[in-house]
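Here the structure is laid out as structure tokens; the discussion comes afterwards.
The values are calculated or read from the model by the stated rules, or taken from the named source; none is laboratory data. Computed from a predicted structure; not experimentally measured. Please note: Cβ atoms are built from the backbone with ideal geometry, for glycine as well, and neighbour counts cover all protein chains shown. Ligands, DNA and RNA are excluded from the accessible area calculation, which covers all protein heavy atoms including side chains. Shrake-Rupley method; radii C 1.70, N 1.55, O 1.52, S 1.80 Å.
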Amino acid sequence: RPPGPCAGAARCAMVFGQVVIGPPGSGKTTYCHGMSEYLTQLGRKVAIVNLDPANENVPYECACDVRELITLDGAASEYELGPNGALVYCLEFLEANVDWLLERLKALSDCYVLFDFPGQVELYTHHSSVRSVLHALTKANHRLTAVHLVDAHHCADPAKFISVLLVTLSTMVQLELPQV
């Protein structure tokens, strides 16, 4: 990989990866697991980063897991929050502690990285924490593309399909990443 610019005079490798997003149940974790197996079969070194603090049953080995920093249940009980509020709190906590993530990602500089994000759509369309975390990764020389998954049944009904396209467009504008 060609070296890219880093802070100061130091040089570091450019890291490539995918930010896997979409509504709950759309297959983000399954996609990450399958993509990891596929890329491994092609001879690529792959790492999966779980950034969903509610995802307790991952079928893959996490190279980095946000649950080491904060858990959904911990945030919900500590601050008496519901599931959506706790998830927003967890992502805000990750944003405030993005150095924790960047430090763990240094060990993955020779890997193609898959980021498994939570499924609350508002995190990508209306809230700034995910965008801030992704900007920090970009600044740290990660070259990312968003993979936005949706349930196939939304594509069979024209009204639902238009709705999905609008949410996807809103997400693309908010995250400021290339998107598939």
Exercise. Do we find a residue being in contact with a Pro (Cβ under 9 Å, 6 or more places away or on another chain), surrounded by 15 or more Cβ atoms within 10 Å (Cβ to Cβ), modelled with pLDDT of 95 or more and not aromatic (Phe, Trp, Tyr) anywhere in the range 12-28?
Worked result: yes
Exercise. Only one residue in Glu103, Glu122, Glu176 is open to solvent by 80 Å² or more (accessible area, probe 1.4 Å), closer than 27 Å to Glu37 by Cα and of a type in the set (Asp, Glu), so which one is that?
Worked result: Glu103
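Of the residues that make up the range 140-155, is at least one among the basic types (Lys, Arg) and part of a helix (DSSP H, G or I)? So that I can check it myself, show each step before the final result.
Taking the range 140-155 as the starting set, the residues that turn out to be among the basic types (Lys, Arg) are 143.
Filter again for part of a helix (DSSP H, G or I), leaving none.
For the range 140-155, residues among the basic types (Lys, Arg) and part of a helix (DSSP H, G or I): absent.
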Exercise. Ser170 passes all but one of (1) under 15 Å from the mean Cα position of the chain (by Cα); (2) farther than 25 Å from Gly34 by Cβ; which number fails?
Worked result: (1)
For this session: Kindly indicate whether Val121 is at pLDDT below 95 and aliphatic (A, V, I, L, M).
Result: yes
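Restricting to the range 140-173, count the residues that are among the charged types (D, E, K, R) and exposed (fewer than 13 other Cβ atoms within 10 Å of the Cβ). Talk me through it step by step, then tell me what you get.
Initially, the range 140-173 is screened for residues among the charged types (D, E, K, R), giving 143, 151, 157, 160.
Next cut, exposed (fewer than 13 other Cβ atoms within 10 Å of the Cβ) only: 157.
Qualifying residue count for the region: 1.
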Exercise. So which residues in the range 64-85 are touching a residue at least 24 places away in the same chain (Cβ under 8 Å) and under 17 Å from His127 (Cβ atoms), if there are any at all?
Worked result: Val66, Ile70, Pro83, Asn84
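Residue-by-condition table, conditions (1) at pLDDT 95 or above; (2) closer than 22 Å to Leu108 by Cα:
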residue	(1), (2)
Thr125	no, no
Ser129	yes, no
Val133	yes, yes
Lys139	yes, yes
His148	yes, no
His153	no, no
Val167	no, no
